[in-house]
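Working notes, structure below.
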Amino acid sequence: MTSFTSQTRDLIEVLPGNGKLVLMMIALSLGTATNDLNASSDEDVMTVADLDTKYQAAVKSNDAATMDQILADGFVLVTGRGKVFRKADLIESARKKEVTYERQDEEPGTQKVRVWGDTAVVTALLWIKAVQGVKPVDYKLWFSDTYVRTPTGWRYVFGQASLPLP
């Protein structure tokens, strides 16, 4: 919705009849045009949800190219034990196929996306079943993934994972 500043309201009051109409039409048009440039919150929720699901699938298949497209250059992941991984760490691990995943999937119905302007946070319960080197792993954890809208689209900038659940 377009709102007017006190200066704009003062200007509207002193303009003759047609001037007021023209100024209000311009202001309303600019407000509508600005709103059209920004996707609705529902669209953003769907876009980010799909992007996060795509990212999890890329991790599962060690698809370094897709991970590289989604991760922001300054990306950081902090695990429940406080270990920090950067974008280059995750891309390199995927390229080397250091982990072979059987599962790297969000549990159905647990994904929630919250959007505040150009920032979105995804939370979900993730089931990981894989082999790291020669060690099998099978656990679930909660994560929060933070995305930021950039001129080229949404990018994954920060992730935080819980400790593996018992």
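Give the residue list of trypsin sites (Lys or Arg not before Pro) in region 74-166 that are DSSP loop and have at most 11 other beta-carbon atoms within 10 angstrom. Walk me through the intermediate numbers first.
On the way: sites: Arg81, Lys83, Arg86, Lys87, Arg95, Lys96, Lys97, Arg103, Lys112, Arg114, Lys129, Lys140, Arg149, Arg155; in loops: Arg81, Lys83, Lys97.
In loop regions of region 74-166 (DSSP not H, G, I, E or B), the sparsely surrounded trypsin sites (Lys or Arg not before Pro) are Arg81, Lys83, Lys97.
GluC sites (Glu not before Pro), restricted to region 72-133: which are DSSP loop and have at most 14 other Cβ atoms within 10 Å? Each step should come with its number before you reach the end.
Details: sites: Glu92, Glu98, Glu102, Glu106; in loops: Glu98.
The qualifying sites are Glu98.
Gain in length, Arg103 to Ser41, computed as 0.36 nm per residue apart minus the alpha-carbon separation, to one decimal in nm?
On the way: separation 62, 0.36 × 62 = 22.32 nm, distance 3.04 nm.
Difference between extended and current length: 19.3 nm.
Could you name the lysines in cross-link range of Lys112, using Cα to Cα under 21 Å and dropping any fewer than eight places away on the same chain?
Once the sequence-local lysines are set aside, what remains near Lys112 is Lys54, Lys60, Lys140.
Defining a contact as two alpha carbons under 8 Å apart and six or more residues distant in sequence, what relative contact order in percent does region 41-161 show?
On the way: 227 pairs, mean separation 31.7, N = 121.
Value for region 41-161: 26 percent.
Only the coordinates and a few stated rules stand behind these numbers; no lab work does. Please read all numbers here as calculations on a predicted model, not as lab measurements. Counting neighbours? That spans all protein chains shown, and the Cβs are built from the backbone with ideal geometry, glycine included.
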